[in-house]
1. Kindly indicate which of GLU126, GLU102 is surrounded by fewer than 21 Cβ atoms within 10 Å (Cβ to Cβ) and under 15 Å from LEU178 (Cβ atoms).
2. Among the numbered criteria (1) touching a Leu at 6+ places or on another chain (Cβ under 7 Å); (2) surrounded by fewer than 21 Cβ atoms within 10 Å (Cβ to Cβ); (3) more than 18 Å from TRP78 (Cβ to Cβ), which one does GLY161 miss?
3. Is it the case, given these coordinates, that VAL24 is at pLDDT below 95, β-branched (Val, Ile, Thr) and out of contact with any Asp or Glu (no Cβ under 6 Å at 6 or more places or on another chain)?
4. Out of all the residues in region 147-159, is one or more among the β-branched types (Val, Ile, Thr), part of a helix (DSSP H, G or I) and in contact with a Lys or Arg (Cβ under 7 Å, 6 or more places away or on another chain)?
5. Kindly establish whether LYS45 is farther than 15 Å from LYS137 by Cα, surrounded by 15 or more Cβ atoms within 10 Å (Cβ to Cβ) and either under 15 Å from the mean Cα position of the chain (by Cα) or of a type outside the set (Val, Ile, Thr) (or both).
6. Take the residues of region 67-80 that are surrounded by fewer than 15 Cβ atoms within 10 Å (Cβ to Cβ) and either in contact (Cβ under 8 Å) with a residue 60 or more places away in the chain or not small (Gly, Ala, Ser) (or both): which is nearest to ALA115 (Cα to Cα)?
7. Just one of SER187, SER139, SER171 is closer than 30 Å to HIS29 by Cα and at pLDDT below 95; which is it?
Amino acid sequence: MKFSGFVLLYTAALALANPALADVEEAKHARQGDMRKMVLHEAPKPAGTVDFMTFEGEPLNLSQWQGKWVLVNFWATWCAPCRKEMPMLSELQTELGGDSFEILTIATSRNPPPAMKAFFEEIGVENLPLHRDPKSKLSREMGVLGLPVTVILNPEGEEVGRLTGDADWSSLHAYKFLDTLMRPSGS
């Protein structure tokens with residue numbers, strides 16, 4: 001895989017990180033490439049509390065992912081930038097996903113489940129969830145105004161950053177940025 005050795009090193013560093021002491025200020029300086037579009041908040045903000053659902057229609061809530069870093073990507077089947085970005089998110093999940101980091105994909109608005117499934121099949125994504133927000137309740141609560149939007153939640157379930165538009169999530173810049181953000185302050 002691309003950057004496998006690099007990712008292995010950073011994954012090991014993340015496993016030892018104390019997420020409560022993330023260094024957002026240092027992460028601001030680590031933004032390069034597409035990560036320059038990431039807006040990091042001065043202080044964490046509350047994340048959405050409205051339920052969304054699994055592909056099958058079972059209720060989910062972002063609070064279920066507390067305890068790990070979560071990259072939440074809001075997308076839609078009709079969104080061309082989403083089609084470009086999703087395989088990169090898939091690669092990022094393959095490389096970094098685990099006990100301390102996970103990617104959630106949430107199709108917001110009217111996305112028929114068969115179209116969602118076809119979208120993932122056409123672009124070859126098999127390792128990301130097909131979650132739904134069919135009435136856009138969560139995306140509205142979180143102020144998602146256009147797609148794609150990617151929100152980073154800290155292990156306390158708070159929003160620490162937001163990127164509007166697509167990004168190359170499989171780039172060295174993305175890995176370095178995420179490592180810096182999730183690394184304990186001062187390390």
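1. Numbers: GLU126 fails: under 15 Å from LEU178 (Cβ atoms).
Exactly one residue qualifies, and that residue is GLU102.
2. Condition (2) is where GLY161 drops out.
3. Details: at pLDDT below 95: yes; β-branched (Val, Ile, Thr): yes; out of contact with any Asp or Glu (no Cβ under 6 Å at 6 or more places or on another chain): yes.
Yes, satisfied.
4. Within region 147-159, the first condition is being among the β-branched types (Val, Ile, Thr), and the residues that meet it are 149-152.
This time we only want the ones that are part of a helix (DSSP H, G or I), so: none.
Within region 147-159, not a single residue is among the β-branched types (Val, Ile, Thr), part of a helix (DSSP H, G or I) and in contact with a Lys or Arg (Cβ under 7 Å, 6 or more places away or on another chain).
5. Details: farther than 15 Å from LYS137 by Cα: yes; surrounded by 15 or more Cβ atoms within 10 Å (Cβ to Cβ): yes; either under 15 Å from the mean Cα position of the chain (by Cα) or of a type outside the set (Val, Ile, Thr) (or both): yes.
Yes; evaluated as a whole, the condition is true for this residue.
6. Going through region 67-80, the residues surrounded by fewer than 15 Cβ atoms within 10 Å (Cβ to Cβ) turn out to be 67, 78, 80.
Adding the requirement that they be either in contact (Cβ under 8 Å) with a residue 60 or more places away in the chain or not small (Gly, Ala, Ser) (or both) leaves 67, 78.
Numbers: GLY67: 32, TRP78: 9 Å.
Ranking the candidates gives TRP78 first.
7. Working: SER139 fails: at pLDDT below 95; SER171 fails: at pLDDT below 95.
Matching residue, one of SER187, SER139, SER171: SER187.
The values are calculated or read from the model by the stated rules, or taken from the named source; none is laboratory data. Owing to the predicted nature of the structure, the values given are computational and were not obtained by experimental measurement. Positions of Cβ are generated from backbone atoms using ideal geometry, with glycine treated the same way; all protein chains shown enter the neighbour counts.
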